[in-house]
Amino acid sequence: MNIRQYSPSPTVTIGLGVSVLALLFRSLPLPEFWITLANYVGLYSLVALGLVLLTGVTGMTSFGQAAFVGLGAYASAYLSTTWNVSPWIGLFAGLSLTVLAAYFLGWITLGLSGHFLPLCTIAWGISLFYLFGNLDYLGKFDGITGIPPINFLGLDLNLGRDNFVLIWLCVIWSSVALSHLLDSRSGRVLKALKGGVLMAESCGVATMRYKLLAFVLAAVLAALSGWLYAHLQRAVNPTAFNLTAGIGYLIMAVVGGVGYLGGAVVGAVLITLLNNWLQNILPTLLGQSGNYEVIVSGILLIALLQKSPKGVWHWIEHGVKPLSTIVFKKLYLERSKITLDAGLGVNSPRRQPNTNIKNISTRTKITPPNVVLKVIDVCKSFGGLRAVNGVSFQLKASQIVGLIGPNGAGKSTLFNLISGVLPLTSGSIEFLGNQVHKLPARERSKLGMGRSFQHVRLIGQMSVLDNVLLGAHLRARSSWLGAIFRTNQTEESALKEIGNSCLSIVGLDGVAEQNADSLSLGQQRLLEIARALALDPVLLLLDEPAAGLRHFEKKELQATLKRLSSEQGISILIVEHDMDFVMGLVDELLVMDFGNPIAQGNPAQVRENPLVIEAYLGGID
Ligand code: ADP
Ligand code: MG
């Protein structure tokens, strides 16, 4: 790790503060029972933190985390009782085993879509439970007893109090690590996995690797919890790691707020306290014992989620923050007659696109008349429908070509064939002299193909700048480990500079910190262009970029695109319905109708072409 690059984040400072509090808490004369509860809350929080990453951030639901808790617990329990090794070696073995198991399970199941993944997690959750229960050397369903305590900093952690410190240090520093991870190049990809896989792939990201990363990290946190549990309890048996426990962890994360790191801890606290309280109060109320708390907590859970479907943390964040803003406004701003809007940037002034484009490209320039893209006799069929039928054309360096045609002509399909989102039925595509039609979208992006989508694909809950930085993914190297240990800061600032230049090119630099979903549709289209620019493209594929823009915004976009081609040598292929916009922009036009190329030439030639008039006006003059 490069020490000079290290800068403690505010999260680290908070982490240090809370760690000190944890040490103080241990020394308070609290009843042992409280400490026990706090220990369990900590153990559950670790698993729920993994679920926040897995389910909340990347959108993959798992009911099977308890099985990974079991792997961590059993590995260390077995080694420390049978081979007398130190629990720390047990931890290393347990985590290694978990990484291997999660990697393997993730590799076979993460490609599955929809409800198949959650079903698979149930399947391996049950399988591992029965595996623990049936193996002789793991003590079958009786489990393993006589597990030694962990020795931490020379002290045997015999008491609950001593374990408390270690457990909560693990929770605190895992939260800090995850928060660093989410605020990084890898984190932006992780946040894009929920609903943005196609877009991320066209930014050059190998999304499967990041899915696996989230899956393995969540499993590692679960295994860490299992290891702590085994040496706290000094005994393990399979019941603690069954499917019910797996569902319980998911409920904690959901109740707390599966989209928030803080939600993991809040959920663990609430569910633990609730269960404990119900176990005490229900027998008194009902006059008999039984597992009634499960029923009552189920009802309370449904009621809570009705009130706050995004979890308690969401409610805290969105209830307390606005409240404090209102109080602040009442107490301070109204008195001094300042309006809040200006400061909050809600209606921040629109900016002109930056006409002084800074060259942020690091690629070797391709100069005219070199050919950038060659589309040769390309066809695409969807079943019996020929959506693209024998299209051929070339695009030279710095050239702007417009692709026009009535709705359903096959323009977007042709875009998807060129960018690699769809496979060809026949024909071939050459990009910068490489045969690319068999390469996946992300490999084509690496070569310098940037695109926008007809239906915008942004990560709405992420800032405008972060959305652009997804496009710049390939321009940085730092890994998830670099993110956790914050050795990525120099690179992150460089990336942000690139992102801000791209935003200023399209005139969005005034809204960089807003969430993408707060922008108007027109601005969202501009943001898609900025994201494509961040890739350092040789070729820009723009699918209806001007739809939703106002007249003067179209004029500005037209000027910006012209400058990109003339000053930065970027070639542009553009689909657009607004004929004034297209005619005033492009060097050449390609017209499609029912999948067929019907005309090609400069705007004046195409305008006169009888076939084009026929296609657009149905033969009426
Ligand atoms: P355009 O962008 O020119 O309006 P498209 O390329 O979106 O047209 O569509 C061309 C034709 O292909 C349409 O008839 C459309 O219904 C069909 N099509 C597009 N995508 C698919 C698909 N994934 N599956 C089946 N048919 C499709
Ligand atoms: Mg289209």
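Annotations
- As a summary of the residue check, Ile574 satisfies the conditions (1) open to solvent by 20 Å² or more (accessible area, probe 1.4 Å); (2) closer than 18 Å to Arg525 by Cα; (3) out of contact with any Ser or Thr (no Cβ under 9 Å at 6 or more places or on another chain) except for the one numbered (1).
- Some residue of the stretch 461-468 being modelled with pLDDT of 95 or more, closer than 20 Å to Leu527 by Cβ and touching a Cys at 6+ places or on another chain (Cβ under 9 Å): yes
- Residues being within 13 Å of ligand 2 (Cβ to nearest atom) and open to solvent by 10 Å² or more (accessible area, probe 1.4 Å) - total across the stretch 389-408: 3
- All helices (runs of 4 or more DSSP H) inside the stretch 469-588 with 2 or more residues being more than 28 Å from Ala177 (Cβ to Cβ) and within 16 Å of ligand 2 (Cβ to nearest atom): 521-534, 579-583
- Unmet requirement for Lys411, which otherwise passes all of (1) within 16 Å of ligand 2 (Cβ to nearest atom); (2) touching a Cys at 6+ places or on another chain (Cβ under 9 Å): (2)
Here's the yes/no breakdown for (1) part of a strand (DSSP E or B); (2) of a type in the set (S, T, N, Q):
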position	(1), (2)
Thr364	no, yes
Pro368	no, no
Lys380	yes, no
Arg386	yes, no
Leu395	yes, no
Ser412	no, yes
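- Restricting attention to the stretch 189-201, the residues that are assigned to a helix (DSSP H, G or I) and either farther than 24 Å from Arg444 by Cβ or open to solvent by 10 Å² or more (accessible area, probe 1.4 Å) (or both) total 4.
- In the condition set (1) away from ligand 1 (no atom under 16 Å from the Cβ); (2) open to solvent by 50 Å² or more (accessible area, probe 1.4 Å), Arg386 is compliant with all but (1).
- Selection status of Val165, closer than 20 Å to Leu217 by Cβ, β-branched (Val, Ile, Thr) and open to solvent by less than 20 Å² (accessible area, probe 1.4 Å): no
- Screening Gln558 with (1) open to solvent by less than 30 Å² (accessible area, probe 1.4 Å); (2) closer than 20 Å to Val375 by Cβ; (3) over 32 Å from the mean Cα position of the chain (by Cα) gives one miss only, at (2).
- Selection within the stretch 389-425: residues that are at negative phi, more than 7 Å from ligand 1 (Cβ to nearest atom) and of a type in the set (Ser, Thr, Tyr). The member of this set that is farthest from the chain's Cα centre (by Cα) is Ser392.
- Candidate set from the stretch 101-160 (those that are buried (at least 17 other Cβ atoms within 10 Å of the Cβ) and at positive phi); member that is modelled with the highest pLDDT: Gly143
- For the stretch 444-455, the set of residues classified as open to solvent by 60 Å² or more (accessible area, probe 1.4 Å) and more than 16 Å from ligand 2 (Cβ to nearest atom) consists of Lys446 only.
- Of the set (1) surrounded by fewer than 21 Cβ atoms within 10 Å (Cβ to Cβ); (2) within 16 Å of ligand 2 (Cβ to nearest atom); (3) under 34 Å from the mean Cα position of the chain (by Cα), all apply to Gly460 but (2).
- Extreme residue, nearest to Asn163 (Cα to Cα), among residues of the stretch 204-255 that are open to solvent by 20 Å² or more (accessible area, probe 1.4 Å) and part of a loop (DSSP other than H, G, I, E, B): Arg234
The values are calculated or read from the model by the stated rules, or taken from the named source; none is laboratory data. Computed from a predicted model, the values in this text were never measured in an experiment. Note that we place each Cβ from the backbone using ideal geometry, even for glycine, and neighbour counts take in every protein chain shown. All accessible areas refer to the heavy atoms of the entire protein, side chains included, with ligands and DNA or RNA removed. Shrake-Rupley method; radii C 1.70, N 1.55, O 1.52, S 1.80 Å.
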